[in-house]
Structure formats: C-alpha cells, structure tokens
Amino acid sequence: MRPNAEIEFFQTAVQAPVQQVYRSFTRGVGLQEWLCNGARTVPQIGGMIALWWNKGYYMVGEFTRLEPNAFVSFTWHGRGEPQPSTVQIQLIEENGTTRVEVTHQGLGSEEIWVEPRKEIRLGWEQGLKNLVSVLETGKDLRVVNRPGMGIYPAELSLEKIAEHGFPVNKGIFLQQVIDGLGAEKAGLLKDDLVIEIGGTAVPSIESLLHFLGRQTMGDQVKVIYYRGAEKKTATLELKKLPIPEVPDTHQEFMSKLEEIFQNSLQFLKEAVESVSDEAASWKPAPEEWSIKETLAHIIHTERDNQFWLHAKILDEDFNWLDNTKERVVATVEAYPRVEELLYEINRAQKETLAFVKNMPDSLISRKTTFWHLAQGILTADSHTREHIDQIQQNLRAYASLQKP
C-alpha cells in the first residue's frame, strides 16, 4: 500500500440491503443511478469498468477483486491523470444498515495531482451522499437539485442556421422556453441561439450540461445569444427545473399514469378535430414536422418508453436516440390518416400502462429505478402539451397561407 498522503478515504451508512448497495458499485446501471452519467461494466475479475460524466471526465479500469455483498476493488485511470489508481469498497451490513467504506489510493501527492485529487474527492463526497438518497428514497439529488435555464435545448443544424440567419455555426438552439423560469424571465424566446453562459462558450448541449453541473440554484449568470443575426445579452437566474411528483406506490403510479394518458389523448383529439388531410400533411419548413409527423413522434415516445421499461426489468441500460426523419415518415406511411395515428397513440399508451401494471417486484423494490422510471414516464402530459402547441402553430401558419 502507498503512503497515506496518496490515499483518500470516504464512508457512509445506508438504510438498504447490502445486495442493493453491492449492485450500485458493480452494475453499470447501478453506478449510473447515483455516481456518473454513463457506465459500462463487466463485473468479473479482469472485467472492464468505464464511467463517464457530462462534464467531460471519464475513467477506465478493471475489476481486481469481487466478493459478492462484501468487497469490490477496481483500478481507476481518469482523463488527465498521470497514472492509474485503485478503488476499494468494503460493505458491512448491520441490522438492515449497510456501512460503506471507500478507499481511493495511489493518487500521488505531486503538484500534478492537486486538481485531479480535488475533483476525485468532490466526486466521491457528492456521490456517496446521492447513494444514500437514491437507495433510501429513490430520489436522485442530481435531478432534484439541478439548476437550469428553463429551456428545452436542441443541437444547431445547417437548416436552422439558414432559416434564422445566425452568423455563427455553434451554440444551443432554444427549441422551447419554459414559462416562469430563468430564460423566459430574462427575455429569451423560442428559436434564440445561446452561444455563451457565465463567461463560458456553449457550442453543444454537452458543454451546457458541463457548465450547469458546476452551478448552484439561484446563481445569476450572463447569457450571450443571437436572435436571428442580432447579438443580445441578458442576465438570468438558474432555478430548479420542474419535475413530476413521483407517487409513493406502484398502484398510485398506475392510477396517475392512466389519468395522464386519458387527458393527453383528449387534448390531442381536440387539437386535430376537423383538421383536413392537406393541413395535417403540411410542413412549416422542410426540416420541421407536419401534424401527422408530430403524432408519429408521440407514438415513438410510447414505444421507446416500453423499450426503457424492458431494459430496466433486465437491469440493463437503455440509450435514448435522437429523432430521425425516416422513422416519422415510415410511421405516417403505415398510418396515413390522422384518425389512424390517434388510434395508434391510444393503443401504445394502453400497452405502456399494461407494462407498468406488470412490472416485477424486483424492479419496484429498487427505489431509485422505480423513481427514475416514474419521473420519466409521467412527463407524458407536458410532452404532449408541448406538441399540441406545435400543432396549433402549424394550423395557424397553414390558415394564414390560405387567406386571399
């Protein structure tokens, strides 16, 4: 063992079975639920472990010792670190409480290690605090306490640059601005392009997440953005983002989801009532969706929710994918009438509800898995409302073109 100067030691206690704590240090999805933004593991001696964070940091290593529900050890070589180090986790269960002791050693005491050690220390301290929260309550503190601008961002495309006349080719395109939050109160609008926040350039969504991950609730930050070709500045307050309230029980979750599905389908039916086939097929711009394609996207959301549920039952990761033109076109070709698309939305929602109804106890007992699933799927209402706004905008734009 290296000198104590090269060791960082952390400990905590969790009111959770030791089996769940062991999973949180060995399964990729388990690590992702509390420590990092992405993970891949092969939990066997010599098996790989790779973790990464939205802020741009990542580590790779391999498992060197695994004693189920008792001890875990793996090597750790992080981005920018001069040499590998070692992590050892000891788990001790006492009367329903699991004591967790983490030893990170071989970090080095030279000047080159000052910043890496600072980041590693902060990561373990915040991570273990979150581990307690996710295993005891299900709540991911990174989501609950996440400061945000109050926007729905999108990557910038060549089509958007041409359509809006932006003089730059990098930035965060504002697909939507959330009422009552920082961006809206600071005067930012849908279709603006943010290029800098808090003195930091944000050429991509990843860079924005990196910046926000280092901020705290209530921070005032200067934003530089474009509205078309006009460059503007504003100061906005980072605020807590709205997240659905997750029910305490499986039955309550089902009841709430059923109500949300009923309401969202009714809102959609009202939005497209008496819409002609021509109007439903019309696009405001070549890269934007028609009403039919918007309905197809809502179908895809439910199908993806089912893939997500399936992955969680298997305790595997699920990567959400970006929308593609080909997928929406294919669904519209398969269901060419608005009535058919609405019927398929209803059918897909019923299937999601049946999937939730039949979730196994092994998944429901993992509080953080249940919380993340419920928190994600219960956004169906707000997601549908956003697209109803889009449908109504399409209809207004189409109607204006029909006027003599």
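Structure above, values below:
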read-out: Enumeration of residues in the stretch 276-311 that are among the basic types (Lys, Arg) and assigned to a helix (DSSP H, G or I); value: LYS292, ARG303
read-out: Residue within the stretch 171-182 that is in a helix (DSSP H, G or I), touching a Lys or Arg at 6+ places or on another chain (Cβ under 7 Å), more than 30 Å from THR324 (Cα to Cα) and not polar (S, T, N, Q) present; value: yes
read-out: Conditions (1) in contact (Cβ under 8 Å) with a residue 12 or more places away in the chain; (2) aliphatic (A, V, I, L, M); (3) surrounded by fewer than 15 Cβ atoms within 10 Å (Cβ to Cβ); (4) closer than 21 Å to LYS256 by Cα: number failed by VAL329; value: (4)
read-out: Test: residue in the stretch 341-357 that is within 28 Å of SER133 (Cβ to Cβ), assigned by TED's automatic domain parsing to the domain that holds GLU259 and loosely packed, with under 13 Cβ neighbours inside 10 Å; value: no
read-out: Single condition THR369 does not satisfy, out of (1) buried (at least 20 other Cβ atoms within 10 Å of the Cβ); (2) not in a helix (DSSP H, G or I); value: (2)
read-out: Residue selected from the stretch 68-80 under the condition of a type in the set (S, T, N, Q) and part of a strand (DSSP E or B), by the criterion surrounded by the fewest Cβ atoms within 10 Å (Cβ to Cβ); value: THR75
read-out: Every pair of residues 6+ apart whose Cβ atoms lie under 6 Å, when the first sits in the stretch 103-130 and is in contact (Cβ under 8 Å) with a residue 60 or more places away in the chain while the second is assigned to a helix (DSSP H, G or I) and aromatic (Phe, Trp, Tyr); value: LEU107/TRP113
read-out: Candidate set: the stretch 159-180, residues that are surrounded by 15 or more Cβ atoms within 10 Å (Cβ to Cβ) and among the hydrophobic types (A, V, I, L, M, F, W, C); chosen: the one modelled with the lowest pLDDT; value: ILE178
read-out: Filter result for the condition that a residue is over 29 Å from GLU163 (Cβ atoms) and more than 17 Å from the chain's Cα centre (by Cα), over ALA354, ALA296; value: ALA354
read-out: Pairs, first more than 23 Å from HIS210 (Cβ to Cβ) in the stretch 50-69, second among the small types (Gly, Ala, Ser) and buried (at least 17 other Cβ atoms within 10 Å of the Cβ), C-beta under 6 Å, six or more apart; value: THR64/SER73; ARG65/SER73
read-out: Pair list, Cβ under 9 Å, 6 or more apart: the stretch 252-273 residue within 22 Å of ALA354 (Cα to Cα), other residue in a helix (DSSP H, G or I) and among the aromatic types (Phe, Trp, Tyr); value: PHE253/PHE370
read-out: Matching entry among LEU135, LEU122 (being closer than 27 Å to GLU62 by Cα, of a type in the set (A, V, I, L, M, F, W, C) and in contact with a Ser or Thr (Cβ under 8 Å, 6 or more places away or on another chain)); value: LEU135
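Residues checked against (1) part of a strand (DSSP E or B); (2) within 20 Å of SER85 (Cβ to Cβ); (3) of a type outside the set (D, E, K, R); (4) at pLDDT below 95:
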residue: TYR22; (1), (2), (3), (4): no, no, yes, no
residue: PRO43; (1), (2), (3), (4): no, yes, yes, no
residue: ASN54; (1), (2), (3), (4): no, no, yes, yes
residue: GLY61; (1), (2), (3), (4): yes, yes, yes, no
residue: LEU66; (1), (2), (3), (4): yes, yes, yes, no
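Residues checked against (1) more than 15 Å from LEU257 (Cβ to Cβ); (2) touching a residue at least 24 places away in the same chain (Cβ under 8 Å):
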position: HIS300; (1), (2): yes, yes
position: TRP308; (1), (2): no, yes
position: GLU333; (1), (2): yes, no
position: GLU351; (1), (2): no, yes
position: PHE370; (1), (2): no, yes
position: GLY376; (1), (2): no, yes
position: THR379; (1), (2): no, yes
position: GLN393; (1), (2): yes, yes
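The values are calculated or read from the model by the stated rules, or taken from the named source; none is laboratory data. All figures in this text were calculated on a predicted structure; none of them were measured in a lab. Glycine also receives a Cβ, built like all others from the backbone with ideal geometry; neighbour counts cover every protein chain displayed.
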